[in-house]
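The values are calculated or read from the model by the stated rules, or taken from the named source; none is laboratory data. Everything numeric in this text was worked out from a predicted model, so none of it was measured. Note that we place each Cβ from the backbone using ideal geometry, even for glycine, and neighbour counts take in every protein chain shown. Only protein heavy atoms, including side chains, enter the accessible area calculation; ligands, DNA and RNA are left aside. Shrake-Rupley method; radii C 1.70, N 1.55, O 1.52, S 1.80 Å.
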Amino acid sequence: MKKIYIVLVAFAISLSGCKKYFDINTDPATPQNPESKTLVPPLFAQMERGVQFDARYLGGTIQYFGGAVNVGESHGWIAASDALGEIWRTCYYGLGANISLVIEDSEKKQEWNYVGLGQSLRAWGWQITTDYTGEIIVKQAFEPNRFIFDYDSQADVYTEVARLANESIKNFSRTDGTGSIAKLASADLVYAGDPSKWIKFNYGLLARNASSIINKSNYDPQKVIDFVDKALASNADNFIIPNNGTIAADANFFGPLRANLGAYRQTRIIVGLLDGTYFTGTAGTVIDPRRNNMITASQDGVFRGTNPNGADPGTVVNRNQIANPWGSLGGLNPGAGQGKYLFKDKAGFPVMTYSEMQFLKAEAAFRKEDRQTAYTSYLNGISASIDFVSALGTAITTAEKTAYMTSASVKQSAVNLTLKDIMLQKYLALYGYGFVETWTDLRKYNYITGDSKGNNPYLGTFVFPAAFFADNGGKPAQRARPRYNSEYIWNIEALKKIGADKVDYHTKPMWFSLP
């Protein structure tokens, strides 16, 4: 009877279709066509991870982080290593085909809000990766069955970013289809499905895109101003990726639970901006109310920071030590739930803030010679930054804020405002999160050399290390290299076409910084 039963079962299978029954490529526990709502939440984590991983090196290049371990200050790259390659990985792997799936799935279902989200994150990925790396792969990026990929010019990438951001705005503005705020809300960890905030974020991307090319003949400051006026309208619109911070796996990469920042130190330039040195010319004349929330004093109560390539002198007990970003001396980890500012386990990671937008507008208006608009935006940027920092630590009182806003560290009229005032306040406001944006500013002004019109807002504050890495040839880093493990192993011929096989490629000026 057993033999007859087996034959009957086999016969039944043959009638129902062997392919369906024995399909070894289908796992019912793993959906083969995942929906957009399941694909979107991890994309935010990838955005945060990419920037924060690379910030351990880039933070040294822009002097947000110091310490003897920070090769970013003098190198700009590490041979045969994926260090500085996480933003690249985020763009092509973390976001990559996942965004393509979101867009394809949502277009079929006419869920235009999901389509808009995918386009917006793609635009962000292209923008930050090209600003970080230079020439990147766009046109051929996700073509199947391709093993060699050609690089596109940065000019073409900038054009594609603008196209995608505008397409995203159109899709978030649509009222037809099957999309809704409620439908996107559960997957959207940042804006809870609110299309108006995504539209503002897109205009923020367009503002960044238009503000980087100050040295080019087609730079239009009015375009930057117009984009900013449609972008983030207050701190309530800030694009901040949340972190639960309960265990290491869901904690902020910069927090004590992840233990990634113990060897780094606060820097002299951040200390000098917060104690008035670089705004008034004399240390201690004006103490910024943000200081205690952002950095930490040495054992004797004095605030200190490292010089480029300078080690923490406090290697012996009872010596003056320079604090790490968590606020600990001697490189100690303060433990889970501790830390300060953006360097806490549960702190969210900002991708774009209202403060940044106001400084973009202030810079553009200043370059347009509209001093009053520049001054108003400059004040807005400082005020928003103080409020932002206040929410991340001990509350800054109205009196403390007013005292600073009326101090010598803040210009009291449009007539006295300088580009240096704007850019240094922006540099300070973006501390701890705007790593690539700050590097873009430094490079478009050629660090301390100045732009094509002779403006050099960082002269006298930003200083180079005493010596650069040998491969730099005495020059500062201008770009990160494409990710080693994917490009230098598998795509070397394409790299040769753009000169990325040269030992000093990372010192080659970016397209956006050239006239």
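Which residue, of Val157, Val138, is within 20 Å of Gly94 (Cα to Cα), among the aliphatic types (A, V, I, L, M), without any contact (Cβ under 8 Å) to a residue 40 or more places away in the chain and in contact with a Ser or Thr (Cβ under 6 Å, 6 or more places away or on another chain)?
Val157
Among all residue pairs at least 6 apart or on different chains, which show Cβ distances below 8 Å where the first residue, located in the stretch 466-488, is within 24 Å of Asn307 (Cβ to Cβ) and the second is acidic (Asp, Glu) and open to solvent by 20 Å² or more (accessible area, probe 1.4 Å)?
Filtered contacts from the stretch 466-488: Asp471/Asp504; Asn472/Asp504; Gly473/Asp504; Lys475/Asp504.
Looking at the stretch 257-272, can you tell me whether even one residue there is in contact with a helix residue (DSSP H, G or I) (Cβ under 6 Å, 6 or more places away or on another chain), touching a residue at least 40 places away in the same chain (Cβ under 8 Å), under 22 Å from Glu363 (Cα atoms) and buried (at least 22 other Cβ atoms within 10 Å of the Cβ)?
Checked the stretch 257-272: no residue is in contact with a helix residue (DSSP H, G or I) (Cβ under 6 Å, 6 or more places away or on another chain), touching a residue at least 40 places away in the same chain (Cβ under 8 Å), under 22 Å from Glu363 (Cα atoms) and buried (at least 22 other Cβ atoms within 10 Å of the Cβ).
Would you please name the residue that is nearest to Phe388 (Cα to Cα), looking only at residues in the stretch 428-453 that are aliphatic (A, V, I, L, M) and open to solvent by less than 10 Å² (accessible area, probe 1.4 Å)? Steps first, please.
Keep residues of the stretch 428-453 that are aliphatic (A, V, I, L, M), which gives 428-430, 436, 442, 448.
Now drop any that are not open to solvent by less than 10 Å² (accessible area, probe 1.4 Å), which leaves 428-430, 436, 442.
Working: Leu428: 12, Ala429: 9, Leu430: 11, Val436: 20, Leu442: 23 Å.
Here the answer is Ala429.
Could we say that Asn456 is open to solvent by 50 Å² or more (accessible area, probe 1.4 Å) and touching a residue at least 60 places away in the same chain (Cβ under 8 Å) here? Even if it seems obvious, please write down each step before you answer.
Values: open to solvent by 50 Å² or more (accessible area, probe 1.4 Å): yes; touching a residue at least 60 places away in the same chain (Cβ under 8 Å): no.
No.
Provide a single number: the residues in the stretch 430-465 that are among the hydrophobic types (A, V, I, L, M, F, W, C), over 15 Å from Ser211 (Cβ atoms) and in contact with a helix residue (DSSP H, G or I) (Cβ under 7 Å, 6 or more places away or on another chain).
Residues of the stretch 430-465 that are among the hydrophobic types (A, V, I, L, M, F, W, C), as a first pass: 430, 435-436, 439, 442, 448, 459, 462-464.
Right, trim to over 15 Å from Ser211 (Cβ atoms) and you get 435, 448, 459, 462-464.
With in contact with a helix residue (DSSP H, G or I) (Cβ under 7 Å, 6 or more places away or on another chain) added as a condition, the list becomes 435, 462.
Looking only at that region, the number is 2.
Can we say Phe343 is hydrophobic (A, V, I, L, M, F, W, C) and touching a helix residue (DSSP H, G or I) at 6+ places or on another chain (Cβ under 8 Å)?
Numbers: hydrophobic (A, V, I, L, M, F, W, C): yes; touching a helix residue (DSSP H, G or I) at 6+ places or on another chain (Cβ under 8 Å): no.
So Phe343 fails the test.
Name the residues in the stretch 341-377 that are part of a helix (DSSP H, G or I) and open to solvent by less than 10 Å² (accessible area, probe 1.4 Å), would you? Outline the logic, then answer.
In the first step, residues of the stretch 341-377 are kept if they are part of a helix (DSSP H, G or I); the result is 354-367, 371-377.
Within the stretch 341-377, Ser355, Glu356, Met357, Phe359, Leu360, Ala362, Glu363, Ala364, Ala365, Ala374, Ser377 qualify.
Failed condition for Val190, given (1) under 17 Å from the mean Cα position of the chain (by Cα); (2) under 20 Å from Phe44 (Cβ atoms); (3) buried (at least 23 other Cβ atoms within 10 Å of the Cβ), with all others met?
That leaves (3) as the condition not met.
Considering only residues that are without any contact (Cβ under 8 Å) to a residue 60 or more places away in the chain, in a helix (DSSP H, G or I) and of a type outside the set (Val, Ile, Thr), which ones fall in the stretch 378-409?
Once the filter is applied, which keeps residues that are without any contact (Cβ under 8 Å) to a residue 60 or more places away in the chain, in a helix (DSSP H, G or I) and of a type outside the set (Val, Ile, Thr), the stretch 378-409 yields Tyr378, Leu379, Asn380, Gly381, Ser383, Ala399, Met405.
Kindly establish whether Ile199 is open to solvent by less than 40 Å² (accessible area, probe 1.4 Å), under 19 Å from Gly118 (Cα atoms) and either of a type in the set (Val, Ile, Thr) or without any contact (Cβ under 8 Å) to a residue 24 or more places away in the chain (or both). If you could, list the steps in order and put the result at the bottom.
Values: open to solvent by less than 40 Å² (accessible area, probe 1.4 Å): yes; under 19 Å from Gly118 (Cα atoms): yes; either of a type in the set (Val, Ile, Thr) or without any contact (Cβ under 8 Å) to a residue 24 or more places away in the chain (or both): yes.
So Ile199 passes the test.
Quick check: anything in the stretch 235-258 modelled with pLDDT of 95 or more and over 30 Å from Ala323 (Cβ atoms)?
Within the stretch 235-258 (the criterion being modelled with pLDDT of 95 or more and over 30 Å from Ala323 (Cβ atoms)), the answer is yes, since at least one residue qualifies.
Looking at Val161, Val228, Val157, which is the one that is outside any loop (DSSP other than H, G, I, E, B) and either at pLDDT below 95 or more than 21 Å from Leu43 (Cβ to Cβ) (or both)? It would help to see each step written out before you state the result.
Working: Val161 fails: either at pLDDT below 95 or more than 21 Å from Leu43 (Cβ to Cβ) (or both); Val157 fails: either at pLDDT below 95 or more than 21 Å from Leu43 (Cβ to Cβ) (or both).
Result: Val228 is the single residue among Val161, Val228, Val157 that is outside any loop (DSSP other than H, G, I, E, B) and either at pLDDT below 95 or more than 21 Å from Leu43 (Cβ to Cβ) (or both).
Please go through the stretch 486-507 and pick out each residue that is of a type in the set (D, E, K, R) and surrounded by 16 or more Cβ atoms within 10 Å (Cβ to Cβ). Don't jump to the end; show me each part of the working.
Narrowing the stretch 486-507 to residues of a type in the set (D, E, K, R): 487, 493, 496-497, 501-502, 504.
Once the filter is applied, which keeps residues that are of a type in the set (D, E, K, R) and surrounded by 16 or more Cβ atoms within 10 Å (Cβ to Cβ), the stretch 486-507 yields Glu487, Asp504.
What are the pairs with Cβ atoms under 7 angstrom where one residue, in the stretch 50-62, is of a type in the set (Lys, Arg) and the other, located anywhere, is outside any helix (DSSP H, G or I)? Sequence gap at least six, or different chains.
Between residues of the stretch 50-62 that are of a type in the set (Lys, Arg) and residues that are outside any helix (DSSP H, G or I), the close pairs are Arg56/Asn260.
From the list Gly72, Gly118, Gly96, Gly125, which one is part of a helix (DSSP H, G or I) and modelled with pLDDT under 95? Explain how you work it out, then say what you get.
Details: Gly118 fails: modelled with pLDDT under 95; Gly96 fails: modelled with pLDDT under 95; Gly125 fails: modelled with pLDDT under 95.
After applying the criteria, what remains is Gly72.
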